[in-house]
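Read-outs: derived from the displayed coordinates by stated rules, not from any lab. Every value quoted in this text rests on a predicted model; they were computed, and no experiment measured them. So basically every Cβ, Gly included, is an ideal-geometry build from the backbone, and we count neighbours across all protein chains shown.
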Amino acid sequence: MSQNIYLPNLAQIIEIKDETPDIKTFKLKFKDQAIAESFDYKPGQFVEFSVFGEGEAPFCISNSPTRKSSLVSGAGIECSVKRMGKVSQALHELNIGDTVGIRGPYGNGFPIDDLKNKHLLFVAGGIGLAPLRSLINYCLDNRDNFKDITIVNGARTSKDLVYQSEYEAWKGAKNTQLHLTVDCNEENWTCMVGVVPKILEQLKPTCQDSVALVCGPPIMIKYTLPVLLKLGFCPEAIITTLEMKMKCGLGKCGRCNIGNLYICKDGPVFSYSQLENLNYEL
Amino acid sequence: MLKIITKEDLHKILISLLSGFEIIGPRELSHKGIFYEPITDMKSLYWGEGFATEPVKKFFLSPSEYLFKGRYDNGKEVLDDLPLTRNKRIIIGVRPCEAIGLTLLDKVFNADEYKDEFYLNNRERTILVGLSCLKPDKSCFCTSLGGSPESNRGLDVLIFLGGNEFIIEIITETAKEILKNSGRDLSQAETKAWELDRKRRKESLNYRIEVPESLDKIFESEYWEDVSRSCISCGVCTFLCPTCHCFDLVDEKRKKLRCYDGCAFCDFTLEASGVNPRLAKKERYRQRVFHKFDYFKKNFKENLCVGCGRCIRFCPVKINIAEVVDKAPLVKS
């Protein structure tokens, strides 16, 4: 008989970092040492995060699988959570040492083999950088497998930029560029100003041998895709992640379908060529 | 394998099986309707041509059930998996369409990657005894979806009523083992008569609809707005459907429950950010029709509808999914 697919593993919060006024990154360690050691995932996959008595919600794993062991006292995962609904509010109330439930990993993750020997263009908006951060660090840790890396990261204001402590390392990495942008100009801001699609139009990144990886709020994705197509990216070379209300993460509870595909099981990572042929509401 | 058995003898067999099985069957409850319920007095079994209000789905996917419980053990948090009920059961009087419905649910809950042990355990511990239909309801349309009033798909036994003597078709090995010493074989004339009866049942349903291969091209059609206008989003169509299986996971203190949910409800896809991709009734009703007659077919090669007619019979505003599908304004290529 199969196992209970709804039963989470218990994990302990070992570190909480305030990324922005409304985003916290939680470092978690599975209580069961065997699970802590065997838990494996791909960049772009997600977990169902339980705050017992409050509910369960999906969050992507934001650290790279190559950096699990760098955490204090053994392997663990990181999830960045924006204070938003019932579960994320409850999560924000938690403290170091508190116990949560983790099911997963779920979803397909990024198609890493298809990215090898390509120039990579990462396009992130707000907390959309979370799944991309996992992939960026994965690529930097396997640097020779990939060509130039360009990161375009935008947020509403400079206060809303996540993972700021890693920007120096990204800028300093081999053949890697980081472009930061905020929606409106601010005092003492020295990077770019303007929404992400506009910045892409200015930067004109090459589409030759390139794959674009886009993750951000739906409105950003909507306006970024046409820009990438105009820059010459073919639909197969535009990769994005989608979100919808999810419950089970297993392709059963029936919410998160776009056309006949379930975001939880068949996604959350899709190529634009896949989405072109589907009927869906988003 | 075919056998003839009297109603009294069948009741006797069921009574003798009560020691090893829970017996569930249709009962007529005054002023309420017909409901599948645990039965100990076989005389209360309903053998008429009416249809149960709720499908047998509820014995496989409960309207709400616990999936696990958490507790503290000396200050340490633990999660307890819930022991599965292994008790064997026989559900008798199941209509052929409902048994087909279960084979469709199998595709979801017995999927390769993630197997739902609660559902599978309920399937494994249950013997299904079907009752073939003689007088389909005016909302029945099973034959348009590959079913039939005398289909034995998904059943262990199928009963054909005829006066005081029942002809039983014994389909699975499990059922053969249980019934090996019961009833008598059919004479040649009786077999002939049964074949005729079976044909008559098969042809008893004249209403047929055209189910399109794909609805792809009419996703954006105004048709969905028109057909969903009267919907009051009550969700009765989803709860009473033998194949609707959408659910919610709900925390109750330190317990996790799975509860029926449905695409008809306006908060089904409401996101924490306030975004709701299926805010309008037309989007929700379209999702229901597409899930059943397009998406599921793309994924599993069958429609997610068995034509039982419950959603038509019980819709408070008379939305008729058979008509909606039949009259879909398909773009002819």
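Can you name every residue in the stretch A:153-168 that is among the small types (Gly, Ala, Ser) and either without any contact (Cβ under 8 Å) to a residue 24 or more places away in the chain or exposed (fewer than 12 other Cβ atoms within 10 Å of the Cβ) (or both)? Across the stretch A:153-168, the qualifying residue is only A:SER165.
Looking only at the stretch A:40-54, which residues are out of contact with any Gly (no Cβ under 7 Å at 6 or more places or on another chain), under 17 Å from A:GLN12 (Cα atoms) and surrounded by fewer than 24 Cβ atoms within 10 Å (Cβ to Cβ)? Selection gives A:VAL51, A:GLY53, A:GLU54.
Being assigned to a loop (DSSP other than H, G, I, E, B), within 14 Å of chain A (Cβ to nearest Cβ) and of a type outside the set (S, T, N, Q) is the filter; apply it to the stretch B:38-89 and report the residue that is nearest to A:ILE13 (Cα to Cα). This residue is B:GLY75. For the stretch A:24-50, the set of residues classified as of a type in the set (S, T, N, Q) and farther than 19 Å from A:VAL269 by Cα consists of A:THR25, A:GLN33, A:SER38, A:SER50, listed by residue number.
Quick test of your reading of the structure: B:CYS263 fulfils all but one of (1) crowded, with 17+ Cβ neighbours inside 10 Å; (2) within 14 Å of chain A (Cβ to nearest Cβ); (3) part of a helix (DSSP H, G or I). Name the failing condition by number. Every listed condition holds for B:CYS263 apart from (3). Against the conditions (1) more than 24 Å from A:ASN279 (Cα to Cα); (2) facing chain A (nearest Cβ under 9 Å); (3) aliphatic (A, V, I, L, M); (4) out of contact with any Leu (no Cβ under 9 Å at 6 or more places or on another chain), B:VAL250 satisfies every one except (4). Do you know which of the residues in the stretch A:170-199 that are touching a residue at least 12 places away in the same chain (Cβ under 8 Å), of a type outside the set (Val, Ile, Thr) and in a helix (DSSP H, G or I) is farthest from A:LYS17 (Cα to Cα)? It comes out as A:PRO197. All of (1) facing chain A (nearest Cβ under 10 Å); (2) closer than 29 Å to B:GLY70 by Cβ; (3) outside any loop (DSSP other than H, G, I, E, B) hold for B:GLN287 with one exception: (2). If we keep just the residues of the stretch A:200-242 that are polar (S, T, N, Q) and part of a helix (DSSP H, G or I), which is nearest to A:LEU180 (Cα to Cα)? My answer is A:GLN202.
Of the candidates B:ILE34, B:ILE23, the single residue that is within 21 Å of B:GLU150 (Cα to Cα) and part of a strand (DSSP E or B) is B:ILE34.
Tell me which residues, restricted to the stretch B:144-155, are over 10 Å from B:CYS133 (Cα atoms) and touching a Lys or Arg at 6+ places or on another chain (Cβ under 9 Å). B:SER144, B:GLY146, B:GLY147, listed by residue number.
If B:ARG313 passes every condition in (1) in contact (Cβ under 8 Å) with a residue 60 or more places away in the chain; (2) in contact with a Phe, Trp or Tyr (Cβ under 9 Å, 6 or more places away or on another chain); (3) buried (at least 20 other Cβ atoms within 10 Å of the Cβ); (4) within 25 Å of B:ASP137 (Cβ to Cβ) but one, which one does it miss? Unmet condition: (3). Scanning the stretch A:1-32 for residues that are within 19 Å of the chain's Cα centre (by Cα) and surrounded by 15 or more Cβ atoms within 10 Å (Cβ to Cβ) turns up A:ILE16, A:GLU19, A:THR20, A:ASP22, A:ILE23, A:LYS24, A:THR25, A:PHE26, A:LYS27, A:LEU28.
Consider the stretch B:149-164. How many of its residues are within 18 Å of B:LYS199 (Cα to Cα), surrounded by 22 or more Cβ atoms within 10 Å (Cβ to Cβ) and either out of contact with any Gly (no Cβ under 9 Å at 6 or more places or on another chain) or among the acidic types (Asp, Glu) (or both)? Selection size over the stretch B:149-164: 1. Reported count of residues in the stretch B:116-125, each being facing another protein chain (nearest Cβ under 10 Å) and not acidic (Asp, Glu), is 4. Note on the stretch B:90-118: residues that are in a strand (DSSP E or B) and either under 21 Å from B:ILE23 (Cα atoms) or not polar (S, T, N, Q) (or both) amount to 6. Scanning the stretch B:177-206 for residues that are crowded, with 17+ Cβ neighbours inside 10 Å and either of a type in the set (A, V, I, L, M, F, W, C) or farther than 30 Å from B:LEU14 by Cα (or both) yields B:ILE178, B:LEU179, B:TRP194, B:LEU205.
Find the strands (runs of 3 or more DSSP E) located wholly in the stretch A:1-110 whose residues include 2 or more that are in contact with a helix residue (DSSP H, G or I) (Cβ under 8 Å, 6 or more places away or on another chain) and within 14 Å of another protein chain (Cβ to nearest Cβ), and list them.
Working: elements: A:9-20, A:23-30, A:46-51, A:55-60, A:77-82, A:99-106.
Strands (runs of 3 or more DSSP E) meeting the threshold: A:23-30, A:46-51, A:55-60, A:77-82, A:99-106.
List pairs: first in the stretch B:49-71 and in contact (Cβ under 8 Å) with a residue 40 or more places away in the chain, second assigned to a loop (DSSP other than H, G, I, E, B) and of a type in the set (Phe, Trp, Tyr), Cβ under 9 Å, 6+ apart or cross-chain? Matching pairs, first to second residue: B:ALA52/B:TYR46; B:THR53/B:PHE314; B:LEU67/A:TYR6; B:PHE68/A:TYR6; B:GLY70/A:PHE52. The set of residues in the stretch B:22-52 being of a type in the set (Phe, Trp, Tyr) and either at positive phi or crowded, with 17+ Cβ neighbours inside 10 Å (or both) consists of B:TYR36, B:TYR46, B:PHE51.
Within the stretch A:257-279, which residues are facing chain B (nearest Cβ under 8 Å) and in a loop (DSSP other than H, G, I, E, B)? Can you show your working first?
First, pick out the residues of the stretch A:257-279 that are facing chain B (nearest Cβ under 8 Å): A:257, A:259-260, A:265, A:279.
If the condition is that a residue be facing chain B (nearest Cβ under 8 Å) and in a loop (DSSP other than H, G, I, E, B), then A:GLY259, A:ASN260, A:ASN279 are the ones that fit.
Listed by first and then second residue, the pairs with beta-carbon distance under 7 Å, at least 6 apart or on different chains, first residue in the stretch B:95-115 and without any contact (Cβ under 8 Å) to a residue 12 or more places away in the chain and within 11 Å of chain A (Cβ to nearest Cβ), second assigned to a loop (DSSP other than H, G, I, E, B) and surrounded by fewer than 16 Cβ atoms within 10 Å (Cβ to Cβ), are B:LYS115/A:SER2.
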